[in-house]
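J.: Following this message is one structure expressed as C-alpha cells.
The values are calculated or read from the model by the stated rules, or taken from the named source; none is laboratory data. For clarity, every value in this text was computed on a predicted model and none was experimentally measured. We place every Cβ from the backbone using ideal geometry, glycine too, and count neighbours over all the protein chains shown.
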Amino acid sequence: MGVNHETTEGEFLFKRHYPALDFLRTIAITMVMVVHYVDIGFNIPNDGMVRELVSMGIRGVSLFFVLSGFLIGGQIIEEVKSGSFHFKKFYIKRFWRIFPPYYVALIAVVVLYSFGVRDDMLVLPGTDLTGLLENILYHALYLQNFIPPKIMGAIYWTLSIEEQFYIVAPLFIFLIMRYRRSALLIFLVAVIAGGICLQSLLSYGDPDMASYKPWFTISFYYLLFGVLVAYLYITFHERLMRLSAMAKFVFIVVPAIFFIISMVWKGDPPPLLLFKISVYTPMLALGFASLILWSVITPFNVIIRPRRVFALIARLSYSMYLYHVILVLPVVKVVSNIIEIDSALEVVLNFFVYYIVVLLVTSAIFRLVDKPCMDYRRKVVARLDKRVGVVVTPGWR
C-alpha cells in the first residue's frame with residue numbers, strides 16, 4: 001500500500017521526540033538489570049523486604065511492553081489515518097532495527113559456549129551442543145515462547161512476544177481502520193476484556209497454567225494497552241492537552257496506586273494466579289499506560305533532565321537488554337576479587353560499575369552492529385518512499 005501523501009514531523013505526534021519516554025525507557029532497563037544483577041550475582045533469600053524490592057524489577061519488562069505498544073501502535077495508527085502507511089516499509093524498518101543485533105547476540109551465546117563458558121544463565125546446565133543449536137533455531141524464528149528456553153536465563157522470550165505483535169498489529173489496525181476508525185477502540189477494549197476473561201476461566205484451578213505459556217497471552221495485554229492509550233492520545237490530543245493540572249494529576253495517581261497494589265501481590269498458585277490474570281495484570285498495564293499518557297501531556301516531558309543521558313540509555317536499551325545478562329557474572333567476579341562485597345553499599349557500588357560496563361560494551365556494539373543497520377535501513381526506506389511517492393520525515397524510532 002502506498003499513497004501520495006506529503007507529511008512533516010510536526011503533523012504526526014509519533015514523529016516527535018518525547019524526552020519523558022526516554023526517561024521511562026531508562027527506568028525500565030534499569031529495573032530489569034537490577035533484578036538480573038541480584039539474582040545472578042548474589043544469593044538473596046526468597047523472602048524478606050530486599051527480595052520484594054528486587055523482584056519489582058521484573059515490572060520493567062511490563063513497562064517495556066506498554067511503551068512498545070504505545071510507540072509502534074501510535075505510529076501505525078497515525079500513518080493509516082493519514083493514508084501514508086506502507087506494510088513493506090514498516091516491516092523493513094522493524095527487521096533492520098531488531099533482527100541483526102538479536103542474531104549477533106545469539107551468535108555470541110554459541111561462541112561463548114564453544115569456548116567453554118558454561119554459565120548457568122548463559123546456557124542451562126545439561127544442555128549439549130545439539131540441544132543448544134535446536135534452541136537457537138527456535139530463538140532465530142522467534143518461537144521461544146512456545147518452548148522452555150535454555151539460553152540467556154530465558155529472558156529472550158519477551159523478544160518473541162514483541163516480534164509476533166509487530167507481525168499481526170499492522171494488519172489488524174489497517175483492516176479495522178479501513179472499515180471504520182472508531183472501530184479500533186471497540187476492538188482493543190473487546191480483545192483485552194475478552195482475553196482476560198478467557199484466560200481467567202482457563203487458569204482457574206489449574207496450577208499448570210501458572211507455568212510458562214500464560215505469559216504469551218498476559219504479555220499481549222500490556223502491548224494492547226499501549227496501543228489503546230496511543231489511540232486515545234491521537235484521537236483526544238487537543239482535549240488532553242487542555243486538561244487542568246489537577247485532572248492531569250490523576251494520570252500519575254492511578255499508576256502509583258496500581259504499582260503499590262502490585263507490590264503486595266505475591267505468588268502464582270490458584271487462586272492467586274486467577275487474581276494475577278483478572279486483576280493484577282490489567283491494573284499494572286493500565287497503570288503504566290496512564291503513566292505514559294501523563295508523561296507526554298504534562299510539562300514533565302519538557303523539564304526532564306538530564307536529557308542527553310536518558311536519550312543515550314534509551315537508544316542503547318535494546319542492546320543493553322540483549323547483553324546485560326552475559327556481563328553480570330564477569331563484572332561481579334572481577335569486582336569481588338578487588339573488594340569483598342559484604343554490605344548493601346558495596347552491592348550498590350558494584351551495580352553502578354556493572355551498569356557503566358554494560359553501557360560501554362553496548363555502546364561499542366551499537367556502533368558496530370545497530371548503527372550501520374539503521375543507516376542502511378534509512379537508505380532503503382528513502383528509496384522506497386521515493387518510489388511510491390511518500391515523503392515522511394524520519395521519526396524518533
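J.: Contact list please: Cβ distance under 8 Å, first residue in segment 137-149 and within 16 Å of L124 (Cβ to Cβ), second residue assigned to a loop (DSSP other than H, G, I, E, B) and among the β-branched types (V, I, T), pairs at least six apart or on different chains.
T.: The qualifying pairs are Y138/I147.
J.: Right, here's the next one. Can you pull out every residue in segment 170-200 that is closer than 30 Å to H36 by Cα and either modelled with pLDDT of 90 or more or among the β-branched types (V, I, T) (or both)?
T.: Answer for segment 170-200, where residues must be closer than 30 Å to H36 by Cα and either modelled with pLDDT of 90 or more or among the β-branched types (V, I, T) (or both): I192, I196.
J.: Let me ask you something else. From L368, L345, L359, which residue is surrounded by 14 or more Cβ atoms within 10 Å (Cβ to Cβ) and either closer than 20 Å to A108 by Cα or at pLDDT below 95 (or both)? Talk me through it step by step, then tell me what you get.
T.: Numbers: L368 fails: surrounded by 14 or more Cβ atoms within 10 Å (Cβ to Cβ); L345 fails: surrounded by 14 or more Cβ atoms within 10 Å (Cβ to Cβ).
Going through L368, L345, L359 in turn, the sole match is L359.
Yes/no per residue for (1) under 20 Å from the mean Cα position of the chain (by Cα); (2) assigned to a helix (DSSP H, G or I); (3) not charged (D, E, K, R):
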{"position": "R97", "(1), (2), (3)": "yes, yes, no"}
{"position": "M121", "(1), (2), (3)": "no, no, yes"}
{"position": "P125", "(1), (2), (3)": "no, no, yes"}
{"position": "N135", "(1), (2), (3)": "no, yes, yes"}
{"position": "L171", "(1), (2), (3)": "no, yes, yes"}
